[in-house]
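Notes follow the structure.
The values are calculated or read from the model by the stated rules, or taken from the named source; none is laboratory data. Note that the coordinates shown come from a computational prediction; the quantities given were computed from them, not determined experimentally. Cβ placement follows ideal geometry from the backbone for every residue including glycine, while neighbour counts extend to all protein chains displayed.
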Amino acid sequence: MKNSLKITTVIEHPELLEDRVEELAYSRHHPAYGRQKMPGTSSAETYVSGMVAMKNSGIEIITPFITCFVFTCIKRTDNVYKLEWSSSLS
């Protein structure tokens, strides 16, 4: 019999994560640069927390997590920043 493993992840406070990424994507200035324009590529590091649930053959294991992600935006030719990729640092 083939066992199936179901993994579900729930992020706590997704609105805070969304705000942080939007701030990166739409901000034209960054405190580190003063009032200068940001470079064509910009990244932000932020922590993400939540719960991971793994279910296999009726047994469910729920584990909390906290990990750091890096989100990178790249300026397109129309001068709009677009989220290009994200990576977990754990």
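Of the numbered criteria (1) within 20 Å of Asp19 (Cβ to Cβ); (2) loosely packed, with under 11 Cβ neighbours inside 10 Å, the one Pro64 fails is (1).
If you go through region 15-67 and pick out every residue that is of a type in the set (Gly, Ala, Ser) and modelled with pLDDT of 80 or more, you end up with 5.
Reported count of residues in region 4-25, each being among the charged types (D, E, K, R) and over 12 Å from Thr72 (Cα atoms), is 5.
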